[in-house]
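Below is one structure; the comments refer to it alone.
Computed from the coordinates by the stated procedures, all read-outs in this text should not be read as laboratory data. The structure presented is a predicted model; accordingly, all values stated were derived computationally and were not measured. Neighbour counts run over all protein chains shown; Cβ positions are idealised from the backbone, glycine included.
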Amino acid sequence: MKLAIPTVDGEFTAHYSERGLAQLDFAGDQRSHSSDTLAPARASEWHKTTTLALKEILAGKNPAKLPPLDLSCGTEFQRRVWNALLKIRAGKTQSYGQVAEAINHPRSTRAVGGACGANPIPVIVPCHRVLAAKGRLGGFSSGLDWKVKLLNREGIQLC
DNA sequence: ATTTACAATATGA
DNA sequence: TCATATTGTAAAT
């Protein structure tokens, strides 16, 4: 189930499964085109929430409500990471090391980076708010431009 | 089954 | 500043 989300930054694409939002693609970044045979009844309701939340985040605000997220594709470790990322508020950042500590794997900082890269729902799961230590920028799968733009919009200054 | 390469970090030289 | 050990995954051998 694929639905478009028009925003000031372009058209995002949300993918829904029976459980909820399963993937979110950046504007013009069509990676996978699976057949949308499924059409969950709740999808349109979820989509409203997703659209709202996405726009709030793009505006640098904190989303009031999120749609259900289908994280069943990831390993347990990855889901822990993503869950930890969801707790980061707009305007705040965390280092990979801090995320690692938050999920009780204080030495898995590198693995955290891997989990962020595997994150199927960028922006809503704020992988862009995770910086390397000392406030340096790390990397970003869909382009560092997005990372910088989003952070600036939230009023975060990079050193 | 083993080795590499990653969006990392702390430590020791 | 540079080398290295550590950790979870995926991809290559």
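Quick look at the numbers
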item	result
Residue match in the stretch A:74-82 (condition: under 18 Å from A:S141 (Cα atoms), hydrophobic (A, V, I, L, M, F, W, C) and within 16 Å of DNA strand B (Cβ to nearest atom))	yes
Filter result (more than 7 Å from DNA strand B (Cβ to nearest atom) and surrounded by fewer than 20 Cβ atoms within 10 Å (Cβ to Cβ)) within the stretch A:109-119	A:A111, A:A118
Residues satisfying the stated conditions in the stretch A:120-137, i.e. part of a helix (DSSP H, G or I) and near DNA strand B (Cβ under 9 Å from one of its atoms)	A:C127, A:H128, A:A133, A:K134
Residues being assigned to a loop (DSSP other than H, G, I, E, B) and surrounded by fewer than 17 Cβ atoms within 10 Å (Cβ to Cβ) - total across the stretch A:64-79	7
Any chance A:A53 is touching a residue at least 24 places away in the same chain (Cβ under 8 Å), over 20 Å from A:Q23 (Cβ atoms) and away from DNA strand B (no atom under 16 Å from the Cβ)	no
Some residue of the stretch A:92-102 being out of contact with any Phe, Trp or Tyr (no Cβ under 7 Å at 6 or more places or on another chain), assigned to a loop (DSSP other than H, G, I, E, B), among the β-branched types (V, I, T) and surrounded by fewer than 21 Cβ atoms within 10 Å (Cβ to Cβ)	yes
The stretch A:46-63 - residue that is of a type outside the set (G, A, S) and outside any helix (DSSP H, G or I) and, of those, surrounded by the most Cβ atoms within 10 Å (Cβ to Cβ)	A:P63
Boolean, A:G113 is on the phi > 0 side of the Ramachandran plot, in contact (Cβ under 8 Å) with a residue 24 or more places away in the chain and more than 11 Å from the chain's Cα centre (by Cα)	no
A:F140 being within 23 Å of A:N62 (Cα to Cα) and in contact with a His (Cβ under 8 Å, 6 or more places away or on another chain)	yes
